[in-house]
Every structure is written in structure tokens, then in C-alpha cells.
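Scroll down for the structure; my scribbles are underneath it.
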2 protein chains.
Amino acid sequence: MAQVLLGKEVADVLTEELVERVAKLKAGGVEPSLAIVRLGNEADDLSYERGALNRAEKAGVKVKVFDLPRDLPQEDLEQVILEINQDDSLHGCLIFRPLPGQIDEEKIAALLAPAKDIDGFTDGSLVGVFKGEQTGFAPCTAEAAIAILKHYNVNLNGARAVVLGRSLVIGKPVAMMLLQENSTVTICHSRTKEIAKAAKDADVLIAAVGQAKMVTPEFCNPGQVIIDVGINVDEEGKLLGDVDYDAVEPLVKAITPVPRGVGSVTTSILMKHVVEAAERATD
Amino acid sequence: MAQVLLGKEVADVLTEELVERVAKLKAGGVEPSLAIVRLGNEADDLSYERGALNRAEKAGVKVKVFDLPRDLPQEDLEQVILEINQDDSLHGCLIFRPLPGQIDEEKIAALLAPAKDIDGFTDGSLVGVFKGEQTGFAPCTAEAAIAILKHYNVNLNGARAVVLGRSLVIGKPVAMMLLQENSTVTICHSRTKEIAKAAKDADVLIAAVGQAKMVTPEFCNPGQVIIDVGINVDEEGKLLGDVDYDAVEPLVKAITPVPRGVGSVTTSILMKHVVEAAERATD
């Protein structure tokens with residue numbers, strides 16, 4: 001029986017710390033505020049937004065939602081971003097992605113003020129992750145994975161870490177962050193041969209491929225800690241991770257469930273970034 | 001007996017291609033030009049500069065050397081960089097690093113025009129490497145390692161690649177470039193446990209730790225291709241790679257020597273970047 005690494009415990013500790021920092025900011029006349037930019041009413045976006053609003057309330061962070069039509073033209077979205085950049089009362093900006101087809105995502109990323117990019121969207125944030133510097137902000141989900149490992153005192157120093165997935169949102173950033181923690185990092189992906197064999201010796205396994213139940217017992221060893229970043233929906237609408245949880249859980253040392261794992265921590269990291277951005281802006 | 005992957009052959013093919021591109025540029029009235037910024041007369045810098053001047057002549061690239069005192073104040077170096085940025089007749093700029101202690105290297109990197117950064121020094125270039133996009137220019141040595149592998153038709157697609165070293169100049173960029181080629185990439189470093197064991201299964205092994213003869217037979221297998229990026233000098237002034245060449249060479253499939261390996265290709269990549277920068281500037 002594995003230790004189940006619940007996200008709630010991590011999120012609660014993170015939020016507790018934030019409450020104090022928010023109080024300090026407010027005492028100085030600053031109300032940390034997040035702009036959420038949403039185009040249309042995609043179910044995933046709305047679900048994440050609900051979680052963010054809930055977490056923001058707990059942390060004492062103000063949220064302004066820009067609820068925009070899905071078919072918004074590029075120029076109008078650019079106008080909104082410029083408005084947010086110029087508004088000193090907004091410290092961070094989350095833009096739901098992927099953006100619809102008419103939007104040039106790279107152009108929007110180039111427009112957003114790096115100081116307000118609290119989800120690793122801009123080049124300024126990404127290069128900080130690559131260099132291992134605390135300049136911008138890492139993508140929240142990648143940082144949530146690391147936060148869980150740290151909260152549960154998983155040793156990363158010298159650990160063999162295997163990352164399944166090489167996206168810019170999770171795979172690559174989480175690999176760089178593990179490297180920063182002195183793990184030996186292997187990045188696997190769709191073209192990896194014998195992927196189960198590559199994963200089998202991992203002390204820490206990060207699953208971020210977006211493929212339900214792809215991590216099976218052949219990927220695992222009894223000392224392994226698994227962080228399941230996958231969020232997949234099956235035919236019956238049930239949420240599934242990238243790990244075949246029922247088959248794998250009895251065989252490893254620790255594992256995050258889906259739901260109630262990484263997803264529960266992401267919005268706390270988002271709030272942490274907003275508070276940090278507000279602190280940096282008032283320094 | 002391993003195949004010896006000589007750099008000269010790669011450099012010559014690269015230069016041949018450049019000669020044609022340079023002719024085209026010159027026909028259009030553009031003479032591709034490189035600014036080299038050197039502070040003082042460090043032996044390594046002078047040796048690299050000689051190689052660069054030689055390669056530039058072969059390729060038809062003009063070089064302007066800014067030969068500055070080692071104790072140059074920060075402001076004066078900033079002035080030189082601004083001058084280079086503004087000079088349309090200079091397409092690329094190589095600044096020898098590490099810069100002496102009085103210089104704030106990050107500040108200089110932030111100042112250099114990304115379009116002229118032909119050696120992966122600026123954030124603009126590094127984020128391109130991280131994202132796997134051809135926006136800036138990768139560090140020349142990292143790209144030289146990949147160029148050798150490609151020239152000798154080493155299969156990278158699905159290959160197990162192990163990178164020893166995690167520097168921003170070689171380890172991290174070469175890892176990202178191998179990932180871009182669909183290799184499964186493991187990054188090892190000073191904190192890696194059982195590093196020889198981690199390297200042993202590699203199809204492609206990149207040694208970039210800066211420690212003479214650290215790669216020994218326990219790191220190797222008969223199908224392995226080794227790229228030795230190390231340049232170390234022993235007590236007698238002899239150049240040594242990171243690989244214990246005499247011990248390892250009989251045991252692997254292919255290997256680059258030191259000298260006459262990666263180092264022979266780096267200046268060709270530098271010239272390729274200058275030509276590319278000139279082409280981009282005139283597009």
C-alpha cells in the first residue's frame with residue numbers, strides 16, 4: 001500500500017503562508033490582485049476558474065475575471081492585455097490556454113508584461129526556468145508537482161527522476177526544476193523506446209503525457225514516488241490520471257491520486273505567484 | 001577500434017555551404033561581419049580567436065576584433081556593446097567569457113541585441129533553445145556537438161542520449177537539442193549517484209563536465225557514440241578531453257578525439273550563425 005500524497009494538505013500549508021504575506025501587503029495598502037482572461041466557456045477553464053476563485057478567497061487575493069467571447073478578434077485580446085499591463089492594481093494575469101484558433105498565442109505571450117506572467121507563459125518566465133533562476137514564474141502545474149515532493153519530504157538530491165512528457169507547460173519545466181534540486185533527470189516522450197524500462201528504475205516518476213492509464217506496473221518499483229500530472233476524462237466523464245492507479249498503487253512507495261493530487265495544489269501556486277508579483281511590484 | 005569522428009571533415013562541409021551563402025550575400029552588397037569582444041589576453045581566448053579568424057577567412061566572413069584591456073570598467077564595456085548593437089555593418093557579436101570579475105555578465109547579456117547574439121549568450125537565444133525554436137542562436141559548442149552527430153549520420157531519433165554536465169553553455173542546451181531530435185535524454189552532473197551506471201546504456205554520450213579523463217570504460221558499451229566536449233589542460237600543458245580516450249576508444253563504436261574533435265567544429269558553427277544573422281538582417 002502506497003502513501004497517498006494528497007494535494008489538499010500541501011495546498012492548505014501553502015495558503016496558510018500566503019494569508020500572512022497578504023496581510024502584510026494589505027497593511028501597506030496593497031491588495032494582491034489576479035486578472036483571469038477567459039475566452040468563451042470551455043468546461044476545463046470554468047472548472048479551473050472555480051477552483052482559483054475559491055483558493056483566492058482563502059488566501060485573500062482579489063480576482064478580476066475578463067469574461068470574453070470565444071470568437072474575440074486578436075486585436076481586441078491584445079487591447080485587453082495592454083490594459084492589464086498598464087493597470088497597477090493588477091499584479092498577475094492568467095490567460096486560459098489553449099487559446100482559440102484565431103488567436104496568435106506567441107504574439108499574446110510577447111505582449112504580456114513578464115512581471116505579471118504568473119503562469120510561465122512568456123519567454124521571460126521560461127528562460128528563468130531554463131537557467132534555474134527565480135526571475136519570472138514557472139508554469140503553476142510544474143511547480144505544483146515540485147511543491148508536493150517537497151512537502152512530503154521526498155529526497156530529490158541525487159535522486160533518479162524520470163519525466164514522461166516534454167511539453168513547455170509541464171515536461172520541460174519540471175525537468176529543469178528537478179535538475180535544480182540536483183536530481184539526475186531523464187526526459188521520455190512519445191518517441192522513447194522501451195519507455196517502461198526507462199521509467200522502472202526511477203526514484204521519482206513524473207507522468208505528464210496526457211494519456212489515461214499509460215503508466216502500468218512495468219514502469220514501477222517498490223521505492224518509487226509517482227506524481228501524476230495527467231488529467232484525462234473517460235467515456236463516462238470520469239477523471240483519470242496518466243497512471244493506472246489501481247494497478248500501480250499497491251506496488252510503489254507513494255503516489256498522487258487524480259483527482260485530489262496535483263490539481264489541488266496548482267491554484268495555491270497560482271496565488272503564491274500573484275502574492276509574489278505584488279511583493280516584487282511594491283519592493 | 002572505434003570510428004574516430006574528426007571535426008575537420010564536419011567543419012569543411014559546413015564551410016563549403018557557407019561560401020555559397022556568403023557569395024549570395026556579397027552579391028547583394030552585404031558583407032557578413034562578426035565583432036569579437038575580448039578583454040585582455042587570456043590564452044584560451046587568443047587560441048579560440050586565432051581559430052575563428054582562420055575559419056572566417058575560409059568562409060568569407062569579415063571580423064572586427066575589439067581588443068580591450070582586462071580591467072575595462074563595466075560602463076566602458078556597455079558602451080562598446082551599444083556601439084556594436086547600433087552598427088548595421090556588424091551582424092554578430094561574440095564576447096569571450098567568463099568575463100573578469102568587475103563585469104556584471106548578466107547585465108552585458110541583457111544589453112546585447114538578441115539578433116546579434118550568435119553564441120547563445122542572451123535570454124532571447126536561450127529561450128529559443130529551451131522551446132526548441134529557431135529564434136535566436138544556440139551556444140556554438142552545443143550546436144557543434146549536434147552537427148558532428150548529424151554529419152556522421154548517428155541516429156538520434158529514439159536514441160538513449162546521456163549528457164554529462166548541466167551548464168548553460170553546453171549541458172542544458174545540448175540536452176534540449178537532443179530532445180528536439182527525439183532522443184530520450186538523461187542529464188547527469190556532479191550530484192548524480194552511480195554516474196557510470198547511468199551512462200553505460202547510452203547510445204549517445206556527451207561528456208561536458210570539464211574534468212580530464214573522468215569518462216572511463218565503466219561508462220561505455222560497444223554500440224556507443226561518444227562526443228567529448230571537454231577541454232582540459234594537464235600539468236605538461238597537454239590538451240585532454242573529459243574522456244580517458246586511450247582506455248575508452250577500443251570499447252566503443254565511435255568517438256571524437258580531443259583535440260581535433262568538437263573544438264574544430266565550433267568556429268564553423270560560429271561563422272554559420274554570423275551568416276544566418278546577416279541573412280536575417282537583410283530579409
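Within a 10 angstrom radius of each residue's Cβ in A:180-188, how many Cβ atoms of other chains show up on average? Whole number is fine.
Details: counts 1, 1, 5, 4, 12, 9, 9, 10, 4.
Mean partner-chain Cβ count within 10 Å for A:180-188: 6.
Which length gain, in nm to one decimal place, applies between B:Val19 and B:Ala110 when the Cα-Cα distance is subtracted from 0.36 nm times their residue separation?
Full-extension gain reported as 29.6 nm.
Considering only DSSP beta bridges where both residues belong to chain A, give the percentage that are antiparallel (nearest 5). Write down the numbers at each step before the final one.
Working: 2 of 32 bridges.
If I count the DSSP bridges inside chain A, around 5 percent turn out antiparallel.
Please name which of A:Val65, A:Gln102, A:Ala113 has its Cα lying farthest along the dipole of segment A:29-114 towards the positive end, using unit charges on Cβ (Lys, Arg +1; Asp, Glu -1) and the Cα centre as origin.
Going by the Cα projections, it comes out as A:Val65.
From the square roots a ≥ b ≥ c of the eigenvalues of the alpha-carbon gyration tensor of segment A:29-114, which class results: rounded (a/c under 1.5), prolate (a/b over b/c), or oblate? Numbers along the way, then the final one.
On the way: a/c = 2.38, a/b = 1.28, b/c = 1.86.
Oblate is the answer for segment A:29-114, as a/c is 1.5 or above yet b/c matches or exceeds a/b.
Out of the DSSP beta bridges found with both residues in segment A:140-263, what percent are antiparallel (nearest 5)? Please list the in-between numbers first.
Details: 2 of 18 bridges.
DSSP beta bridges in segment A:140-263 are roughly 10 percent antiparallel.
As a test, work out the antiparallel percent of DSSP beta bridges whose residues both lie in the protein assembly as shown, rounded to the nearest 5. Can you show the working numbers first?
Details: 7 of 67 bridges.
In the protein assembly as shown, approximately 10 percent of DSSP beta bridges are antiparallel ones.
Determine ³J(HN,Hα), in whole Hz, for all residues of segment B:95-105 in sequence, where each value follows from phi through the Karplus function 6.51 cos²θ - 1.76 cosθ + 1.60 and θ = phi - 60°; x replaces Gly and Pro.
10, 5, 10, x, 7, x, x, 6, 9, 8, 5
I'd like the Karplus ³J(HN,Hα) series for segment A:182-190: coefficients 6.51, -1.76, 1.60, θ = phi - 60°, whole numbers in Hz, and an x wherever there's a Gly or Pro.
6, 7, 8, 10, 10, 9, 10, 7, 4
What is the fewest-to-most order of A:Val185, A:Val22 by other Cβ atoms lying within 10 Å of their Cβ?
Details: A:Val185 31, A:Val22 23.
Ordered from fewest to most neighbouring Cβ atoms within 10 Å, A:Val185, A:Val22 come out as A:Val22, A:Val185.
Using just the alpha carbons, could you tell me how many Å³ per residue the convex hull of segment B:1-145 encloses?
Numbers: hull volume 19.8 nm³, N = 145.
In segment B:1-145, the Cα hull volume divided by residue count equals 137 Å³.
I'd like to know which of A:Ser264, A:Leu205, A:Leu46 lies farthest towards the positive end of the charge dipole of chain A, counting +1 on Cβ of Lys and Arg and -1 on Cβ of Asp and Glu.
It is A:Leu205.
Enumerate the whole-percent occupancy of each 5 Å bin, from 0 to the last occupied one, for all C-alpha pair distances of segment B:110-207.
For segment B:110-207, the pair-distance distribution reads 3, 14, 24, 23, 17, 11, 6, 2, 0.
What order do you get for B:11-17, B:203-209 when each peptide is scored by the mean count of other beta carbon atoms within 10 Å, highest first?
Values: B:11-17: 16.9, B:203-209: 26.0.
Averaged packing, sorted descending, gives the order B:203-209, B:11-17.
How long, wide and thick is chain A, going by the Cα atoms along their three principal axes, in whole angstroms, largest first?
Principal-axis extents of the Cα atoms in chain A, largest first: 52, 42, 37 Å.
How many percent of Cα pairs in segment A:140-263 exceed 18 Å? Each step should come with its number before you reach the end.
Working: 3379 of 7626 pairs.
It works out to 44 percent of all Cα pairs.
By count of other Cβ within 10 Å, fewest leading, how are A:Ile36, B:Ile118 ordered?
A:Ile36, B:Ile118
Tell me, what are the semi-axes, in whole angstrom and largest first, of the equivalent ellipsoid of segment A:194-243 as set by the roots of 5 times the Cα gyration tensor eigenvalues?
Numbers: eigenvalues 92, 20, 14 Å².
After scaling each eigenvalue by five and taking roots: 21, 10, 8 Å.
Once segment B:45-93 is represented by equal point scatterers at the alpha-carbon sites, with solvent omitted, what log10 I(q)/I(0) does the Debye formula produce at q = 0.18, 0.28 Å⁻¹?
Debye curve over Cα of segment B:45-93, log10 I(q)/I(0) at q = 0.18, 0.28 Å⁻¹: -0.70, -1.10.
Determine the shielding of peptide A:126-138 by partner chains: average, over its residues, the number of Cβ atoms on other chains within 10 angstrom of each Cβ.
Details: counts 5, 10, 2, 2, 10, 7, 3, 2, 0, 2, 0, 0, 0.
For this peptide, the per-residue mean of nearby foreign Cβ atoms is 3.
So, in Å, what gap is there between the alpha-carbon centers of segment A:119-138 and segment B:237-283?
30 Å
Compute and list, largest first, the equivalent-ellipsoid semi-axes of segment B:201-283 from the alpha carbon gyration tensor, each √(5λ) rounded to a whole angstrom.
Working: eigenvalues 177, 55, 16 Å².
For segment B:201-283, the semi-axes come out at 30, 17, 9 Å.
Sort B:Asp71, A:Asp119 so the one with the fewest other Cβ atoms within 10 Å of its own Cβ comes first. Can you show the working numbers first?
Details: B:Asp71 12, A:Asp119 26.
Sorted ascending by nearby Cβ count, the order is B:Asp71, A:Asp119.
Taking H placed 1.01 Å from N in the peptide plane, check which residues at least 5 places from B:Val63 or on another chain put their amide H under 5 Å from its amide H.
The list, which skips near neighbours in sequence, is B:Leu34.
Could you state the number of Å between the C-alpha centres of segment B:1-44 and segment A:1-74?
If we compute the Cα centre of each part, the gap is 51 Å.
Take the Cα radius of gyration of segment A:170-226 and divide it by 2.2 N^0.38 Å, with N its residue count; two decimals is plenty. Don't skip to the end; give the middle numbers.
Working: Rg = 11.1 Å, N = 57, 2.2 N^0.38 = 10.2 Å.
Expressed relative to 2.2 N^0.38 Å, the Cα Rg reads 1.08.
How big is the Kirkwood radius of the protein assembly as shown, worked out from every pair of different alpha carbons and given in Å to one decimal? Don't skip to the end; give the middle numbers.
Working: mean 1/r = 0.0395 Å⁻¹.
One over the average 1/r among Cα pairs gives 25.3 Å for the protein assembly as shown.
Calculate the tail of P(r) for segment A:89-148: the fraction of all Cα-Cα distances greater than 13 Å, expressed in %.
On the way: 1093 of 1770 pairs.
For segment A:89-148, the fraction of Cα-Cα distances above 13 Å is 62 percent.
Tell me the mean residue ellipticity at 222 nm calculated for chain A from its helices only (DSSP H runs of n ≥ 4, each -39500 (n - 2.57), averaged over every residue, nearest 500). Walk me through the intermediate numbers first.
Details: 10 runs with 119 residues, N = 283.
Rounded to the nearest 500, it is -13000 deg cm²/dmol.
Quick note: the coordinates plus some simple rules give every number you see, no bench work behind them. Here the structure is a predicted model, which is why all the values come from computation and not from measurement. Cβ coordinates were reconstructed from backbone atoms using ideal geometry, including for glycine residues, and neighbour counts include every protein chain displayed.
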